[in-house]
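Here's the structure, in structure tokens; my notes come after.
The values are calculated or read from the model by the stated rules, or taken from the named source; none is laboratory data. On a predicted model such as this, the values are computed, not experimentally measured, just so you know. Every residue, glycine among them, receives a Cβ derived from its backbone with ideal geometry; neighbour counts consider all protein chains shown.
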Amino acid sequence: MRNIILLTVSCILFTGTWLTAQPFSLPKLNYSYDALEPFIDAETMEIHYSKHHQAYLNNLNKAVTDAKLTDWTLEQLMLNAERRGPAIRNNAGGHYNHSLFWAIMSPTAQKTPSGKLAEEINSTFNSLDDLKKMMNSQAATRFGSGWVWLYVNTDKKLAVCSSPNQDNPIMDVMKENRGIPILGIDVWEHAYYLKYQNKRGDYLNAIWNVIDWNLVNQNYEAALKDPFLLVIEKNTWQALKDFHMVMAQTYHPMEDGDFAPIRNRSGEMVEKAKALSTAAIPNSFRTTPIKNAINELVSGAESLDKLVKKKAKNDKIEASLTKLHDTFHKIQGLCSEVDH
């Protein structure tokens with residue numbers, strides 16, 4: 001298995017070859033179970049890695065097989081976690097999160113960041129100590145199980161958040177705080193209970209001794225260059241996704257000769273188009289051509305709705321909906337141009 005720290009521009013944690021390989025595999029640890037003592041004990045490491053992580057992996061492979069999603073990447077699964085259900089949401093997150101966790105720890109950890117990462121930490125959080133305090137505070141106050149993250153947001157700025165269970169900033173279930181994680185700390189009890197019992201704060205203070213900022217810096221540099229940030233940013237554009245849903249649920253039946261959906265939902269199409277025109281556009285997609293295309297979408301939806309209300313014949317409805325569909329894909333194409 002490749003060393004998980006060998007990052008590519010296209011993915012912060014895994015090589016493209018690994019991502020497309022199914023079923024998913026357990027990443028190799030770069031140190032022995034006892035290498036992180038006294039901060040993380042050998043028994044916790046072994047159980048955490050070989051039992052807990054392995055269970056997430058086994059359940060993920062079963063879930064993607066049952067859902068016939070074995071050709072999906074881990075990133076695709078997480079971007080669609082909300083609609084794919086808890087089996088994929090929890091286990092894809094569990095696999096990704098733990099893989100990152102193992103990969104940023106080292107028995108010979110570099111204790112402080114350097115270069116651009118150090119500058120950004122000082123600029124954003126005032127100091128490394130302040131960043132640690134912020135992350136420890138969010139981890140300590142995370143009710144139940146979860147994670148705390150240092151991540152690169154869609155504006156390519158550093159940010160901190162916590163998440164419940166196995167969620168992370170890549171996932172669509174995170175309505176805010178979206179981006180690419182570069183450092184994550186596990187605050188599930190199984191990560192620390194054998195050594196620290198209920199003293200989560202002691203565990204949080206200790207773990208910084210094995211966080212390797214050289215490895216975190218590699219994640220940071222890769223995240224800044226990663227085009228996947230744009231994919232995440234577009235994924236946050238809820239108004240565009242809402243319009244897309246209505247378009248798909250009316251256009252595809254029309255292709256099969258069923259005009260009832262569009263005749264029943266043309267008013268909803270107008271509502272979603274207008275909502276798209278008034279909603280905030282993610283920063284990277286605030287271009288004049290995209291704004292013009294959205295305005296064209298609104299006028300096209302209104303024209304279609306007028307035809308429906310006049311009980312126009314199917315051929316006119318088909319022509320109008322097809323034109324609207326083309327306009328929507330024009331927006332998608334302009335977004336793709338930004339992606340590249």
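Below, the figures for the structure above:
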read-out	value
Residue in the range 103-118 that is within 14 Å of the chain's Cα centre (by Cα) and surrounded by fewer than 21 Cβ atoms within 10 Å (Cβ to Cβ) present	no
Spans of helices (runs of 4 or more DSSP H) in the range 46-134 with at least 1 residues farther than 30 Å from G201 by Cα	54-66, 74-79, 81-84, 86-103
Output for the range 188-230, where each listed residue is part of a loop (DSSP other than H, G, I, E, B) and within 17 Å of D41 (Cβ to Cβ)	W188, Y192, Q197, N198, K199, W208, N209, V210
Residue in the range 194-211 that is closer than 26 Å to M78 by Cα and touching an Asp or Glu at 6+ places or on another chain (Cβ under 7 Å) present	no
Residue tally, condition surrounded by 13 or more Cβ atoms within 10 Å (Cβ to Cβ), under 26 Å from E233 (Cα atoms) and free of Cβ contacts under 8 Å to residues at least 60 places away in the same chain, over the range 301-328	2
Top-ranked residue in the range 225-250 [being β-branched (V, I, T) and over 26 Å from A301 (Cα atoms); ranked as nearest to the chain's Cα centre (by Cα)]	I232
Residue within the range 67-78 that is more than 17 Å from the chain's Cα centre (by Cα), of a type in the set (D, E), at pLDDT 95 or above and in the same structural domain as V187 (by TED's automatic domain parsing) present	no
The range 146-177, residues that are part of a loop (DSSP other than H, G, I, E, B), touching a strand residue (DSSP E or B) at 6+ places or on another chain (Cβ under 7 Å) and either surrounded by fewer than 17 Cβ atoms within 10 Å (Cβ to Cβ) or of a type outside the set (V, I, T) (or both)	N165, N168, P169, M174, N177
Given (1) closer than 18 Å to V231 by Cα; (2) in a helix (DSSP H, G or I), number of the condition A280 does not satisfy	(2)
Residue list for the range 312-322, filter: of a type outside the set (V, I, T), in a helix (DSSP H, G or I) and more than 14 Å from A273 (Cα to Cα)	N314, D315, K316, E318, A319, S320
Scope the range 69-80; condition in contact (Cβ under 8 Å) with a residue 12 or more places away in the chain and surrounded by fewer than 24 Cβ atoms within 10 Å (Cβ to Cβ); matching residues	L69, T70, D71, T73, L74, E75, L79, N80
Close pairs (8 angstrom Cβ cut-off, 6 or more residues apart or separate chains): in contact (Cβ under 8 Å) with a residue 12 or more places away in the chain in the range 262-285, among the aromatic types (F, W, Y) and in a helix (DSSP H, G or I) anywhere	I262/Y251; M269/F243; K272/F243; A273/F243; A275/F243; L276/F243
Long-range neighbours under 8 Å by Cβ, at least six apart or interchain, first residue on the phi < 0 side of the Ramachandran plot and touching a residue at least 12 places away in the same chain (Cβ under 8 Å) within the range 86-109, second of a type in the set (D, E) and in a helix (DSSP H, G or I)	A87/D66; R89/E82
